[in-house]
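The values are calculated or read from the model by the stated rules, or taken from the named source; none is laboratory data. Remember, predicted model here, so these are calculated numbers, not experimental data. Note that we place each Cβ from the backbone using ideal geometry, even for glycine, and neighbour counts take in every protein chain shown. These accessible areas exclude ligands, DNA and RNA; they are computed on the full protein's heavy atoms, side chains included. Shrake-Rupley method; radii C 1.70, N 1.55, O 1.52, S 1.80 Å.
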Amino acid sequence: EDKVVQSPLSLVVHEGDTVTLNCSYEVTNFRSLLWYKQEKKAPTFLFMLTSSGIEKKSGRLSSILDKKELFSILNITATQTGDSAIYLCAVGSNAGNMLTFGGGTRLMVKP
Amino acid sequence: GAGVSQSPRYKVAKRGQDVALRCDPISGHVSLFWYQQALGQGPEFLTYFQNEAQLDKSGLPSDRFFAERPEGSVSTLKIQRTQQEDSAVYLCASSTGPGGIGQPQHFGDGTRLSIL
């Protein structure tokens, strides 16, 4: 059974701090790993990673995948209160069509 | 519309009632997914459609759950004889091509279902 574990479960930081969120996975026939940001509504797509060692970057957010060690990290630099959300990691495999999600990391950024 | 649209946003039902949740995917998206998200947890897969064909329903928790997408666009998730454990947020997602995992899935705001 595919499995995704995220850590930490929750995190409280102050504005301006840098945070690193972790995602480890076990999946049959890995195809892709995705990061989503979920506030009170729909999970919003951030990144999709398929290759090891290639950093994806969007503004203050970046992510990288290690397919040998089976994990990914999501970095957020110079955090802002608007970054407060649940960050979800999900993996897709060639064995099926669905995404398997981790339990999420709840990030709170205090002013 | 520009994004995935779900209705209603909130639904309260008494135990034993039937409910129907609607999803209008992004126009032209071939793949449509339903997920169930319990409080404090990540979404869990329920079922997948490619156009009008339901190709995977392995995540449906019981035969009380039924989904359809008759014309390959709007989808409805129906839950019969609801139970308290059905209380959750039901998320719909769509993606451009078949298979779903080669392209990102885009989610709607979900329907929060509460069973009393």
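Determine if region B:20-33 includes at least one residue that is facing chain A (nearest Cβ under 9 Å) and free of Cβ contacts under 8 Å to residues at least 40 places away in the same chain. Scanning region B:20-33 turns up no residue that is facing chain A (nearest Cβ under 9 Å) and free of Cβ contacts under 8 Å to residues at least 40 places away in the same chain.
Let's see how each residue does on (1) closer than 24 Å to B:SER95 by Cβ; (2) assigned to a strand (DSSP E or B); (3) modelled with pLDDT of 90 or more:
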position	(1), (2), (3)
A:TRP35	yes, yes, yes
A:LEU46	yes, yes, yes
A:ILE64	yes, yes, yes
A:GLU69	no, no, yes
A:THR79	no, no, yes
A:ALA90	yes, yes, yes
A:LEU107	no, yes, yes
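Summed over region B:35-60, residues that are open to solvent by 80 Å² or more (accessible area, probe 1.4 Å) and either within 14 Å of chain A (Cβ to nearest Cβ) or touching a His at 6+ places or on another chain (Cβ under 7 Å) (or both) total 6. Any idea which residue in region B:83-116 is nearest to the other protein chains (Cβ to nearest Cβ), counting only those that are buried (at least 21 other Cβ atoms within 10 Å of the Cβ) and of a type in the set (S, T, N, Q)? Among residues in region B:83-116 that are buried (at least 21 other Cβ atoms within 10 Å of the Cβ) and of a type in the set (S, T, N, Q), the one nearest to the other protein chains (Cβ to nearest Cβ) is B:GLN105.
Could you check region B:1-41 for strands (runs of 3 or more DSSP E) lying wholly inside it with 1 or more residues that are among the hydrophobic types (A, V, I, L, M, F, W, C)?
On the way: elements: B:5-7, B:10-13, B:19-24, B:31-37.
By residue number, B:10-13, B:19-24, B:31-37.
Evaluating A:PHE101 against the criteria (1) modelled with pLDDT of 95 or more; (2) open to solvent by 30 Å² or more (accessible area, probe 1.4 Å) leaves one unmet condition, (2).
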